[in-house]
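**Q** Starting off with a structure, shown below.
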Amino acid sequence: MERLNRLYLVRHGQVVGFDEIRANGHTDVKITETGKIQMESLASRLRVADIKALYSSDLERTKIGARIIGRHHDLKHNIMPELREVFFGDWEGMSMDEIREEYPVEYEKRQKAIADYRPPGKGENMRDLSERIIPCLKRILEAQNGNDILIVAHGGVNRAILCDALGLDIKNLFNISQDYGCLNIIDYYPNHPIVKLTNG
C-alpha cells in the first residue's frame, strides 16, 4: 500500500526554566544553548530526509527549531498558532511547585482527571488540546498529500498526535515520553498510520 505522508514530528529544544517544570503553555519562553544544540543535532540527522513542507507553532521555541532544521531544506516555513501547546489559563508560566502551593485543590483535581480538568482562567484540558490539534494535523496532511512533512511542536501537542496515531485515549498521553529535542516518525497510509519512532 502506498504511503501518503511521512511526518517527522519534533519537540522543541530545552527551554529556560526547564529544571523547574513550568506550565509554559502559550507563554513565549526562550530555548537554552543546550536547546539550540539539540536542534542542530536534529538538523544534521534530517539533512538528507526528503522533507517537502515545514510547520511550527507561532511560539519562539518552535520557530527557532524549525529555522535551524529548515536551513538544510529550501522550504517555506508555515507558522500555525493552532499548533501551540495546551493553554494553562491562570497557571501560565508557573512551576508545578507553585501551582501545588497556590492551587492545591485544583491541582489535585487535574492529577485525577488529566484529560478533562480545565485549569482556572479558561485553561484547556487535554481533550480540548486534542480537539484543536488533530483537525489541524488532518488539514496539513491533506494539503501535503504525498509529501514528507516536518512539524516542530510541543510536548503536549506531540503526545496528542501520537495518541491519535496509536488509537489511545488522550487520558493516556503521559504514558508517552517526549524529551526536549526528540524526534518521532509517523507514516500515514490510506487506512491507518504506523508509528515508526517515538522520542528518538
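Every number here is computed from the coordinates shown, using simple stated rules; none is lab data. Model, not experiment: these values are computed from the prediction. Please note: Cβ atoms are built from the backbone with ideal geometry, for glycine as well, and neighbour counts cover all protein chains shown.
**Q** Counting only helical runs of four or more DSSP H residues, what would the 222 nm mean residue ellipticity of the chain come to if each run contributes -39,500 (n - 2.57) and the total is spread over all its residues?
**A** -11000 deg cm²/dmol
**Q** Under the 0.36 nm per residue contour assumption, what length would be gained going from the current alpha-carbon distance of ARG71 and ASP90 to full extension?
**A** 3.2 nm
**Q** Let's test the formula: R0 of 30 Å, r as the Cβ-Cβ distance of GLU101 and ILE79. What FRET efficiency results, to the nearest 0.05?
**A** 0.25
**Q** Rounded to whole Hz and in sequence order, give me ³J(HN,Hα) for the range 6-23 from the Karplus expression 6.51 cos²θ - 1.76 cosθ + 1.60, θ = phi - 60°, writing x for Gly and Pro.
**A** Working through the residues one at a time gives 10, 9, 8, 10, 10, 8, 4, x, 3, 10, 4, x, 4, 6, 9, 6, 8, 7 Hz.
**Q** Something else: Give me the angle, in degrees from 0 to 90, between the Cα long axis of helix 155-166 and the longest principal axis of the Cα atoms of the chain, rounded to the nearest 10.
**A** 60 degrees
**Q** Excluding MET126 itself, calculate the net charge of residues whose Cβ lies under 11 Å from the Cβ of MET126, where each Lys or Arg counts +1 and each Asp or Glu counts -1.
**A** That works out to +1.
**Q** Taking Cα atoms, how many degrees apart are the long axis of helix 126-143 and the longest axis of the chain, rounded to 10 and kept between 0 and 90?
**A** The two axes meet at around 10 degrees.
**Q** Another question, then. Neighbouring Cβ atoms within 10 Å as the yardstick, rank ARG84, ARG67, ARG139 fewest first.
**A** Placing the least packed residue first, the sequence is ARG139, ARG67, ARG84.
**Q** If I build a Gaussian network model for the chain, linking alpha-carbon pairs within less than 10 angstrom, which residue out of ALA115, ALA153, ALA143 has the largest mean-square fluctuation?
**A** Among ALA115, ALA153, ALA143, the largest mean-square fluctuation in the Gaussian network model of the chain belongs to ALA143.
**Q** Which residue fluctuates most in the GNM of the chain (Cα springs below 10 Å): GLN144, GLN38, GLN178?
**A** GLN144
**Q** So if I take the centroid of the Cα atoms in the range 12-74 and the same for the range 122-154, what is the distance between those two points in Å?
**A** Centre-to-centre (Cα) distance: 17 Å.
**Q** Sticking with this one: Please compute the length gained on full extension between ASP116 and SER177, using 0.36 nm multiplied by the number of residues separating them and subtracting their Cα-Cα distance.
**A** So the chain would gain 19.9 nm between ASP116 and SER177.
**Q** Taking the beta-carbon count within 10 Å as an exposure proxy, list GLU40, GLU106 from fewest neighbours to most.
**A** GLU40, GLU106
**Q** Name the aspartates and glutamates eligible as straight-distance cross-link partners of LYS138: C-alpha to C-alpha under 13 Å, and not fewer than 8 places from it in the same chain.
**A** Output for LYS138: GLU82, ASP164.
**Q** Pick out which of GLY155, GLY121, GLY89 has the largest mean-square fluctuation in a Gaussian network model of the chain, springs linking Cα atoms closer than 10 Å.
**A** GLY121
**Q** Going through the cross-link list LYS109/LYS196; LYS52/LYS171; LYS30/LYS76; LYS76/LYS171; LYS63/LYS122; LYS63/LYS196, which pairs have a Cα-Cα distance over 30 Å in this structure?
**A** Violating the 30 Å Cα-Cα cut-off are LYS109/LYS196; LYS52/LYS171; LYS76/LYS171.
**Q** So how do MET80, MET96, MET126 line up by other beta-carbon neighbours within 10 Å, fewest first?
**A** Least to most surrounded, the residues fall as MET96, MET80, MET126.
**Q** Work out from phi, with θ = phi - 60° and the Karplus expression 6.51 cos²θ - 1.76 cosθ + 1.60, the ³J(HN,Hα) of each residue of the range 42-55, listed in order in whole Hz, and give x for Gly and Pro.
**A** For the range 42-55, the Karplus curve yields 5, 4, 5, 4, 9, 4, 9, 5, 8, 7, 10, 8, 10, 10 Hz.
**Q** Please state the relative contact order of the chain as a whole percent: Cα pairs under 8 Å, 6+ residues apart?
**A** So the answer I get is 33 percent.
**Q** Still on this model: Given Cα pairs under 8 Å that are at least 6 residues apart, what percent is the relative contact order of the range 1-90?
**A** Normalised by residue count, the contact order of the range 1-90 is 32 percent.
**Q** Could you state the angle between the C-alpha long axis of helix 60-70 and the longest principal axis of the C-alpha atoms of the chain, as a value from 0 to 90 degrees rounded to the nearest 10?
**A** 20 degrees
**Q** A further question follows. Work out how much length ARG47 to ILE21 would gain on full extension: take 0.36 nm times their residue separation and subtract the Cα-Cα distance, in nm to one decimal.
**A** 6.2 nm
**Q** Would you work out which of CYS163, PRO119, ALA143 lies farthest towards the positive end of the dipole of the range 75-200? Charges go on Cβ: Lys and Arg +1, Asp and Glu -1.
**A** Final value for the positive-end residue is ALA143.
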